[in-house]
Each structure stands twice: as C-alpha cells, then as structure tokens.
Amino acid sequence: MEAAQSSKHEIIRCERCNTAFECKANKFSQCQCSTVQLTINEVQYVSELYDGCLCASCLRILQQEYIAELG
C-alpha cells in the first residue's frame with residue numbers, strides 16, 4: 001500500500017474569512033489566487049485592507065467592492 005503524500009505547499013487561512021487553503025506562492029500560476037485577475041488599483045485597494053494572503057473567493061468579493069465604490 002502506498003503512503004499518502006504530504007503537500008509541498010503551506011496550508012494557510014484567509015485573513016478575511018479564515019477559510020483554510022493551500023498557498024502556492026512558489027508556483028503562483030498554480031495558486032488559487034491566480035484565478036482572480038486584479039488591476040493594479042484593485043491590488044492596491046486589497047493591500048490597504050489586508051496584509052496577508054486571501055482566498056480567491058474573498059479576492060473576488062473585494063474586487064466587486066472596489067468596482068462598486070467607483071460607481
């Protein structure tokens with residue numbers, strides 16, 4: 001029987017919602033956060049609110065918040 005392989009990436013919690021997710025900062029193109037395409041202004045908005053990593057769901061929510069504030 002083959003032993004279960006442990007993850008090569010760190011499991012962290014989203015700073016906004018506390019959901020656990022696998023951070024792949026060393027393989028950004030494969031990280032869950034890379035699925036959210038943020039403009040430079042949206043990145044700045046998020047970074048003014050949070051210091052750490054956020055899950056893709058929270059990034060989408062904050063992106064929509066930013067867009068709503070502009071409108």
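Where residues in the stretch 19-59 are of a type in the set (Ser, Thr, Tyr) and not in a helix (DSSP H, G or I), which of them is surrounded by the most Cβ atoms within 10 Å (Cβ to Cβ)?
Tyr50
Can you say whether Gln63 is at pLDDT 95 or above and surrounded by 15 or more Cβ atoms within 10 Å (Cβ to Cβ), as far as the supplied structure shows?
Values: at pLDDT 95 or above: yes; surrounded by 15 or more Cβ atoms within 10 Å (Cβ to Cβ): yes.
The answer is yes for Gln63.
Need pairs with beta-carbon distance below 6 Å; first residue among the charged types (D, E, K, R) and within the stretch 36-52, second part of a helix (DSSP H, G or I); sequence gap 6+ or separate chains.
Glu42/Gln63; Glu42/Tyr66
Please specify each residue of the stretch 12-33 satisfying the condition of being among the aromatic types (Phe, Trp, Tyr) and in contact with a Lys or Arg (Cβ under 9 Å, 6 or more places away or on another chain).
Of everything in the stretch 12-33, just one residue is among the aromatic types (Phe, Trp, Tyr) and in contact with a Lys or Arg (Cβ under 9 Å, 6 or more places away or on another chain), namely Phe21.
The values are calculated or read from the model by the stated rules, or taken from the named source; none is laboratory data. From a predicted model like this one, the values you see are computed outputs, not experimental measurements. We place every Cβ from the backbone using ideal geometry, glycine too, and count neighbours over all the protein chains shown.
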